[in-house]
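A short worksheet on the structure shown next.
Values quoted throughout were computed directly from the atomic coordinates according to the rules given, and no laboratory measurement underlies them. The shown structure was predicted, so the numbers you read here are calculated from the model rather than taken from an experiment. Methodologically, a virtual Cβ is constructed for each residue, glycine included, from the backbone with ideal geometry; neighbour enumeration extends over all protein chains shown.
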Protein chains: 2
Amino acid sequence: MKTSLGAKTLAMPTPVWCVGAYDTDGRPNAMTIAWGGICCSKPPMLAVALRAATYTHGCVAARGAFTVSVPSAHHVAAVDFLGLASGRDMDKFAAAGLTPARAEFVDAPYIAEFPMVIECRLAQTVELGLHTQFIGEIVDVKIEAGLLDDAGHPSLPGVDPLVFSPGSRGYYRIGESAGAAFSCGRPLLKK
Amino acid sequence: MKTSLGAKTLAMPTPVWCVGAYDTDGRPNAMTIAWGGICCSKPPMLAVALRAATYTHGCVAARGAFTVSVPSAHHVAAVDFLGLASGRDMDKFAAAGLTPARAEFVDAPYIAEFPMVIECRLAQTVELGLHTQFIGEIVDVKIEAGLLDDAGHPSLPGVDPLVFSPGSRGYYRIGESAGAAFSCGRPLLKK
């Protein structure tokens, strides 16, 4: 028996990503988000939703570019800090002990210590209400060389990313494999 | 040292959700997606990206409503099947042994067996390329009553949702808690 919780942002799981952008003075900034996801395969695109009140929002809009740095679970305190502090008040990279690296293809910084980065060129801006959705075209993905699996794909257990649980506001690690996609449901096709 | 993988949809983690919609004849349909996420807090909104070629795409566009059913890990075979088969060819609910339930507030079906459902009214349609992004206003969230934590929030370990790893195309369960959000990074604020 299901119980109603009302009109709330209680979807799960949601990703834990750090959006990086330079401000108009060229200072690197980054903030943690959980409202985002891939939104197109061709061209490859990814959406992140930011409140207009955040410093990063203005940076992304002004420079037309952003990165998504994917943290590992052991970065959780720095990740949480990047969601609490504002780049308006401080150098968040320095305060978190993180190193800004210039993206190769877009005008935005990423977090050198995090294992994976997605470089995005701002393609569309969708005003939705409290949040603005920035849709970025993915122009490159970079990962630590040791975190590829035998087939050359990013290893999810290797990256050890976080997920966020809205409502309870908790971070979680990824657990065990649950099956191969486009494969484990095939027996049902033959019924 | 990071290595470049090119312009690909390799963000992680991504959610595993089943989008439900009625077709123009009122038949329930559902398909599995991993391209989606929350995109606004006020009004609460969620985005799902579907290829125009899918049967569900036409259903959502025609009826102006959809649901997101959140599966548990033990539903993985049915979930994968719902991403492989098309509602154009068969009754996917019947083939997967799943029960369509009519949403309370929107003109769309959800999967009764799955622990959580998000009812969405189609608010905006954003054409991006291969995928169309359907932005839904969340009008209700329902969850099995036994899956709330002590504070009344949806329990992520209770729901036991799946994540998808693009590239390796694997499903994974959620693992251990990694910390409390808006909390574990506070010590860095005082530095």
Working only with C-alpha atoms, what are the Rg and Dmax values of the protein assembly as shown, expressed in angstrom?
19.5, 62
Using only helices, what value at 222 nm comes out for chain A when you add -39,500 (n - 2.57) per DSSP H run of length 4 or more and divide by the total residues, to the nearest 500 deg cm²/dmol?
-4000 deg cm²/dmol
Holding the Cα-Cα limit at 24 Å, pick out from A:Lys190/B:Lys92; A:Lys8/B:Lys190; A:Lys42/B:Lys42; B:Lys8/B:Lys92; A:Lys42/A:Lys142 the pairs that are longer than that.
A:Lys8/B:Lys190; A:Lys42/B:Lys42; B:Lys8/B:Lys92
Under the Debye formula (equal points on every Cα, no solvent term), log10 I(q)/I(0) of the range A:14-189 at q = 0.16 Å⁻¹
-0.96
FRET efficiency, A:Asp91 to A:Lys190 (Cβ-Cβ, R0 45 Å, nearest 0.05):
0.15
Length-normalised contact order of chain A in % [C-alpha pairs under 8 Å, at least 6 apart]
23
Taking the Cα centre of the protein assembly as shown as the origin, how large is its charge dipole in debye, to the nearest 20, when only Lys and Arg (+1) and Asp and Glu (-1) carry charge on their Cβ atoms?
160
Where the Cα atoms of the range B:40-110 are projected onto their three principal axes, how long is each span, largest first, in whole Å?
36, 27, 22
Return the average number of partner chain Cβ atoms within 10 angstrom of each residue Cβ along peptide B:46-58.
2
To the nearest Å, what is the center-to-center distance of the range A:40-58 and the range A:99-138, using C-alpha atoms only?
7
Which whole number gives the average count of other chain Cβ atoms within 10 Å of the Cβ atoms across peptide A:148-160?
5
Given the range B:89-178, what whole percent of its Cα pairs are spread farther than 23 Å?
45
P(r) weight above 20 Å for the range B:1-96, C-alpha pairs, percent
42
What is the distance in Å between the Cα centres of the range A:1-38 and the range B:151-168?
16
Ascending list, in nanometres, of distances separating the A:Asp89 label from those of the other copies (7 Å, Cα toward Cβ)
5.7
Once you sort the root eigenvalues of the Cα gyration tensor of the range B:141-191 as a ≥ b ≥ c, which label holds: rounded (a/c under 1.5), prolate (a/b larger than b/c) or oblate (the other case)?
oblate
